[in-house]
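The values are calculated or read from the model by the stated rules, or taken from the named source; none is laboratory data. None of these values were measured; they are calculated from a predicted model. Here the Cβ positions follow ideal geometry from the backbone for every residue, glycine too, while neighbour counts run over all protein chains shown.
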Amino acid sequence: MLKKISFLLLFISSTAWADDGYRLWLKFDLIKNPTQRATYAKFSQFIYTEQQDAISQTASKELQTSLQGLLGKRIPIAKNIQDKKGGILLKVSATDAKTQALADDGFAIYTQNNNIVVSSKNPSGALYGAFALLRRIQTGLDISKIDIADSPKVRLRMLNHWDNPLGTIERGYAGSSLWKWYELPEVIDQRYIDYARANASVGINAVVLNNVNASARFLTDEYLQKVKALAAVFRPYGIKVFLSLNFAAPKILGKTKNSDPLAPEIRTWWNNKTQEIYKLIPDFGGYLVKANSEGEPGPQDFGRTHADGANMLAEALKPHQGIVIWRAFVYAADPKGDRFKEAYKDFKPLDGTFADNVMVQVKNGPIDFQSREPFHPLFGAMPKTPLAMEFQLTQEYLGFSTNLVYEAPLFKECLDSDTYVQGKGSTVAKVVDGSLDKHTLTAIVGVANTGSDRNWTGHLMSQANWYAFGRLAWNHALSSEQIAEEWIKMTLTQHPQSVTVIQDVMLKSREIYVDFTTPLGLHHVMGQNIHFGPEPWLERSARPDWTAIYYHRADSLGLGFNRTATGSNALSLYSPEVQQLWGNPDTCPLPYLLWFHHVPWTKQLSTGKSLWDEFSSRYYKGVASVEWMQKQWKSVANQIDPAIFADVDGRLAAQHREALNWRDACVLYFQQYANQPIPAPYPKPTRSLAEMKKIVEIYQLR
Ligand code: GCW
């Protein structure tokens, strides 16, 4: 009996306290302070919209349920407004003075006759306005005199899922795929709806459902029915569905002779297939294509160019207003070359040859989502082609789901970089948002970090990366600080001191990760297959540009990849101003140093230390900073839900263990070349290089 009672108590106390993170930043718990509640309640007597379309209806429903949670009272949906006061009006009108200057999806929120009006040009704008209003209430801002207008800076704010048909996710660290293909189209999981809500709440309006290493299966009727079912769930949230396609699909599914994009038979196949899709999903967004990259089929298999391939698909999509997003992540294996230059070499000459419904999607950096990369040289180099920015939210090279890395500073660093292509101020952001070259087709894309884990992203703090991505895709001018503050207040705590502590940890977290893994511009020294942990000694792989030594070039003289004129000259792909900024090892900013220079171990850096001393110290500093993060987190224990606190606390401890592995492996490995002692006051690692190799090897075993 006693046992039963204590079990019951345990159950009650754990359900009463434990927050499993499922609700993300959309908690809408009762506002504790009654006075504050009352000020919001003054404007929440009713909700009214004239619009009958599904998206506007979602907007008013979201307002209703969320406000009910925040204010603890039911809010009626009014049938008319007449002389009613104290409510929220959703107004969709292209002629309203307040909406005229807005872009599509933008909104204005203002007070009028003691009501709050959310005014927009299209229904999606009403939805984004509703969530913006809710965010203000959730974070405790005053709305009594609200008067704001906000428009997205890019048209497509998109997630790319690298989800496979059998439920696995390429580079996914939060469980398996969200999409249960075998249950679809009959079973609609509540998660699909909650996922759509979360996206809409930050302005994400497009998703690619499947991996860019694409199975042709998604283009079969059976799977298109499943895609149709998901599109129907997402539609009321203003989200369009796209598919990644396998370029060899005509041959695989249609048994054609080949998949040559210039062959009439192949063009007909794609035209028919595209028509079939639009019959099922009239607002289908289009195709994402990874071609002739890492073994995927593509037009070059038939002596054609990327533009030939993209334009063939563009022609099929054009009558339906669909678009092609063609990835620039290509790199031929050239043992003497520099992978840094490959995509540029292939794509730059094609500028101006793509159809007008084609975008080229470029990763933020020239190699592959490293913890720090210089901006990709294609940004600014293809003025006649709309370029989509591809970021990676899933932490393939940022410590999977055991490391706390807030990515907003990484995204911002790239977006704020100056290409100088049209003089000072020609930032990457301006290339991407179309303002530099007057493009209207614009996109910012994130490789999703979501999965079937109850808290969606594995590491609870990685939810912030999904959130920050959406906010920055909407407005790249927002600061990392503001975004972090919003997210913390909605997700973790509103306790002022704790908000400051957590925000500080988040803002420093990316630099800390860089310090204990790849300081001063070192890159691509991670474990070979799963990209986990350090493997700087990796000398042999299927391709030279998959090894570590290809990138770090350590020898007895120094460290780093010489990409100046005396080396690979990849620097020459940038504007003269950028070359000047990065081209001289004496003045190159330290974060990029080893990206562009082979630096002598003994060279004195701007910090006053030699390269070896600075480089090795960073690893020690990085580990100490993880300890600092652990301490900071413990200091907010009383202000955080216990289950969330414990989970993040555990992951920080795992991160500390991993940081020590990185430090000892890298310091000992590079010390062989530098041939110098560990600088004071740091102790020598207690483990040997041989031991470190053993530890790391485990991760590469199958
Ligand atoms: O980062 C690399 C990953 C691959 C991925 C590829 C790509 C989808 O290691 O797993 O494949 O990039 O972006 O195409």
Somewhere in the stretch 478-487, is a residue among the β-branched types (Val, Ile, Thr) and in a helix (DSSP H, G or I)? yes
Among (1) within 16 Å of the ligand (Cβ to nearest atom); (2) aliphatic (A, V, I, L, M); (3) part of a helix (DSSP H, G or I), residue 212 falls short only on (3)
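Per-residue answers, yes or no, for (1) in contact with a Gly (Cβ under 6 Å, 6 or more places away or on another chain); (2) in a loop (DSSP other than H, G, I, E, B); (3) surrounded by 19 or more Cβ atoms within 10 Å (Cβ to Cβ); (4) in the same structural domain as residue 237 (by TED's automatic domain parsing):
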residue: 63; (1), (2), (3), (4): no, no, yes, no
residue: 75; (1), (2), (3), (4): no, yes, yes, no
residue: 84; (1), (2), (3), (4): no, yes, no, no
residue: 91; (1), (2), (3), (4): no, no, yes, no
residue: 94; (1), (2), (3), (4): no, yes, no, no
residue: 103; (1), (2), (3), (4): no, yes, no, no
Considering 575, 541, which residue is small (Gly, Ala, Ser) and within 21 Å of residue 427 (Cβ to Cβ)? 575
Do we find a residue being modelled with pLDDT under 95, over 23 Å from residue 250 (Cα atoms), among the small types (Gly, Ala, Ser) and over 26 Å from the mean Cα position of the chain (by Cα) anywhere in the stretch 336-351? yes
Which condition number does residue 166 fail, the rest of (1) surrounded by fewer than 19 Cβ atoms within 10 Å (Cβ to Cβ); (2) in a strand (DSSP E or B) being met? (2)
Answer yes if at least one residue in the stretch 185-196 is under 19 Å from residue 132 (Cβ atoms), at pLDDT 95 or above and in the same structural domain as residue 169 (by TED's automatic domain parsing), and no otherwise. yes
Qualifying residues in the stretch 343-358 (those that are within 16 Å of the ligand (Cβ to nearest atom) and surrounded by 22 or more Cβ atoms within 10 Å (Cβ to Cβ)) - the one nearest to residue 272 (Cα to Cα): 347
Starting from residues that are among the polar types (S, T, N, Q) and touching a helix residue (DSSP H, G or I) at 6+ places or on another chain (Cβ under 8 Å), keep the ones in the stretch 510-543 and report whichever is modelled with the highest pLDDT. 517
Being more than 21 Å from the chain's Cα centre (by Cα), surrounded by fewer than 24 Cβ atoms within 10 Å (Cβ to Cβ) and away from the ligand (no atom under 14 Å from the Cβ): is that true of residue 303 here? yes
Just checking: which of the helices (runs of 4 or more DSSP H) contained wholly in the stretch 544-660 hold 1 or more residues that are in the same structural domain as residue 672 (by TED's automatic domain parsing), over 23 Å from residue 378 (Cβ atoms) and of a type in the set (Phe, Trp, Tyr)? 611-635
Assess whether residue 449 counts as being part of a loop (DSSP other than H, G, I, E, B), at pLDDT 95 or above and buried (at least 24 other Cβ atoms within 10 Å of the Cβ). yes
On the basis of being within 13 Å of the ligand (Cβ to nearest atom), surrounded by fewer than 24 Cβ atoms within 10 Å (Cβ to Cβ) and either in the same structural domain as residue 472 (by TED's automatic domain parsing) or of a type in the set (Asp, Glu) (or both), does residue 368 make the cut? yes
Might you let me know whether the stretch 523-541 holds any residue that is in contact (Cβ under 8 Å) with a residue 40 or more places away in the chain, surrounded by 21 or more Cβ atoms within 10 Å (Cβ to Cβ) and assigned to a helix (DSSP H, G or I)? no
Residue tally, condition at negative phi and more than 17 Å from the chain's Cα centre (by Cα), over the stretch 161-176: 5
Just need a number here: residues in the stretch 372-402 that are part of a loop (DSSP other than H, G, I, E, B) and either closer than 19 Å to residue 162 by Cβ or within 16 Å of the ligand (Cβ to nearest atom) (or both). 13
The number of residues in the stretch 232-257 that are on the phi > 0 side of the Ramachandran plot and touching a residue at least 40 places away in the same chain (Cβ under 8 Å) is 1
Output the residue which, of all residues in the stretch 258-274 that are touching a residue at least 40 places away in the same chain (Cβ under 8 Å) and either surrounded by fewer than 16 Cβ atoms within 10 Å (Cβ to Cβ) or among the polar types (S, T, N, Q) (or both), is nearest to residue 320 (Cα to Cα). 274
For the stretch 292-325, give me the residue count where each residue is outside any helix (DSSP H, G or I), touching a residue at least 40 places away in the same chain (Cβ under 8 Å) and within 19 Å of residue 386 (Cα to Cα). 4
Residues within the stretch 178-209 that are touching an Asp or Glu at 6+ places or on another chain (Cβ under 8 Å) and either within 14 Å of the ligand (Cβ to nearest atom) or not small (Gly, Ala, Ser) (or both), tallied: 8
Filter the stretch 311-331 for residues that are more than 15 Å from the ligand (Cβ to nearest atom) and either among the aliphatic types (A, V, I, L, M) or surrounded by fewer than 20 Cβ atoms within 10 Å (Cβ to Cβ) (or both) and give the result. 312, 313, 314, 315, 316, 317, 318, 319, 320, 321, 323, 324
Checking residue 154 against (1) hydrophobic (A, V, I, L, M, F, W, C); (2) over 20 Å from the mean Cα position of the chain (by Cα); (3) part of a loop (DSSP other than H, G, I, E, B): exactly one of these is not met. Which one? (2)
Residue 158 meets each of (1) on the phi < 0 side of the Ramachandran plot; (2) in contact with a Phe, Trp or Tyr (Cβ under 7 Å, 6 or more places away or on another chain) with one exception, condition (2)
Matching residues, the stretch 275-300, being more than 16 Å from the ligand (Cβ to nearest atom), touching a Leu at 6+ places or on another chain (Cβ under 6 Å) and of a type outside the set (A, V, I, L, M): 286
For residue 217, work out the one condition from (1) within 16 Å of the ligand (Cβ to nearest atom); (2) in a helix (DSSP H, G or I) it doesn't fulfil. (1)
For the stretch 518-555: of the residues being under 26 Å from the mean Cα position of the chain (by Cα) and of a type in the set (A, V, I, L, M), which is farthest from the ligand (Cβ to nearest atom)? 520
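Please find, within the stretch 220-230, the residue that is nearest to the ligand (Cβ to nearest atom) out of those that are in contact (Cβ under 8 Å) with a residue 40 or more places away in the chain and not hydrophobic (A, V, I, L, M, F, W, C).
This residue is 223.
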Please verify whether residue 159 is assigned to a strand (DSSP E or B), within 26 Å of residue 387 (Cβ to Cβ) and not basic (Lys, Arg), treating the condition exactly as stated. yes
